[in-house]
Amino acid sequence: MLKDVEALVSTITDTPVAAASIGQVYKVNIPGKGDVAVKVQRPGVRTLVERDSELLLTVARFVESLPALPSSSSTGDATNKQTRLINTELVSTTKEFMSRIFEELDYRKEASNIAQFSSLYSSSRRDGTSKDVSVIVPKVYTELCTENVLVMEWIYGEKLTDVTGTASNTGEQSSTVEENLALVKVAIDSTLSQLLVEGILHADPHAGNLLKVTLEDDSVTLGYLDFGIISTIPEQVRDALICSVALQVFSRDVDAVSSLFGELRLIPQHILDDDEERAALAEALEITFENSLLYPEAAAGDDDTTAIPDLKFDKLLDSLSRLVPRFQFDLPPYFINNARALSTLVSRGHCQVTRPYIQCTDYHIPICIEQATEKSIEERSSCKDITKFDPIRRWQDRSDKDTTIA
C-alpha cells in the first residue's frame, strides 16, 4: 500500500481534470491498478461550511419565530389557525440539510455510498431492480482513501450531455441516435427504479453525471459518477408517488389522492380533518395534475376515463415541491432536490434533445403493476384500477412491454 501511496503522490499533476466547490479531481496512473480518479478536498473548506451553516441556522431561527398574521388582515383568514407565519420546520430542515453537506465532506462516506449503490446492480441484486438495467459503477480503492482523499477506478466515457447534444446538433447517423436514446431510457429506468422500488437513490442523476461507456465488445452501457450523497426514500413515500399518479391517471380522483397522503402519513391529519384545508389541498392537487398529465386532445376536458395520458414528470415534481410547505408534507431530506434532478433528465434535458416522445408513463405504469401484487395495502388498493382498465391493452401495444404486463 505504501508503494501505491508513493505512486499516487508522485504522479499527481498540478492541473485537475475537474473541479467543484469542495474538491478537485485528478487523473493518475498507478502501476497494477491502471488509471484512477483521485478526488482531493480543498483545504479549509470545512471551516467555510461550518460558518455557512451557522448563518443559515440563524436565518432559519429568525423566520420560524415570526408570528402569524392577524386574522383581520387581508390574508389572515388563511393563517388564523397558525401561531407562526411559516409552519415549515426550517431549523430542523436546515440542520438535516447541513448534516448531509458535512457527510459529503467525508470522502470515506462517499466510498461507502459507492459500495451501497453498486450493490443494486451486482449479480446478487434485489428483485426490485429492473432486470433490463445494467450500469457501470467505479471500483473504489478503499486502502488509499481518507476523509479528504477518494481514489476510484477511472471510467472512460462521454457525458450524456455531450453525446445527446452532439447527435441533435450535427445530425449523426440514426444508429448512433438510437444508441444514445437507448442510454437515456436506461437512465430513466434506472433512476425510477431507485426512486420507486429500491429506495436507494443517486442524489444527482443529471446527465452530466452519466456517461456513455463503450465496452470491449463495442456495446455501450451507462456509467454513473459523483456519489457524494445517496438518499434513502422511505417506503411510504415510494407508495405515495406510485399510487397518487395511478389513482389520478386511472380514476381522476383527487380526493382519493388526498386521503392516500393521509393514510401514508405524509400530511398531518389535522390538515385533512379541516374542511377548508382539505378543499384547498384538493384544488392544488387538481391544478398539479392538470399541468402534469397530458391527455390526448380528444379526451381533454371530457368524461372519457379510458384515455391514457402522458406524464410530464418535471411539472409533477415541481408542483408537488411547491405544496410541501403549504400543506406540511413530511418528505425525506434531499427528496425534492433528487426529484428535480430526475425531472431534468426526463423532461427538460437529454431525452427531449434526442427524441421528443420518451414518456414517463411507459416506465411508471409497469412499476405500478409489479408493485400492486407484492407491496402495501395502499398500493394494491389504488393500483387495482390498472389491472381492470380495459384500454391498458392500447398502452401495452404502444410500449411493447408484454412481459411486464403479464
Q.
Quick check: pseudo-label points 7 Å beyond the Cα along Cα→Cβ at ALA256 and THR13, how many nm apart are they?
A. 6.0
(Q) Using 0.36 nm times the number of residues separating GLU178 and THR161, minus their current alpha carbon distance, what extension gain do you get? (A) 4.6 nm
**Q.** Full-extension gain in nm, ASP52 to ASP217, via 0.36 nm per residue minus C-alpha separation
**A.** 54.5 nm
Q | GLU286-ASN29 pseudo-label distance in nm [points 7 Å out on the Cα-to-Cβ vector] | A | 6.7
(Q) Which order do the peptides 21-30, 202-211, 272-281, 50-59 come out in when sorted by mean C-beta neighbours inside 10 angstrom, highest first? (A) 202-211, 21-30, 272-281, 50-59
Q: Output the pairs from LYS109/LYS139; LYS27/LYS185; LYS95/LYS159; LYS212/LYS312 with a Cα-Cα distance over 22 Å in this structure; if there are none, say none.
A: LYS27/LYS185; LYS95/LYS159; LYS212/LYS312
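A short reminder: the numbers here are calculations on the coordinates, not readings from a lab. Owing to the predicted nature of the structure, the values given are computational and were not obtained by experimental measurement. Cβ: placed from backbone, ideal geometry, glycine included. Neighbour counts: every protein chain shown.
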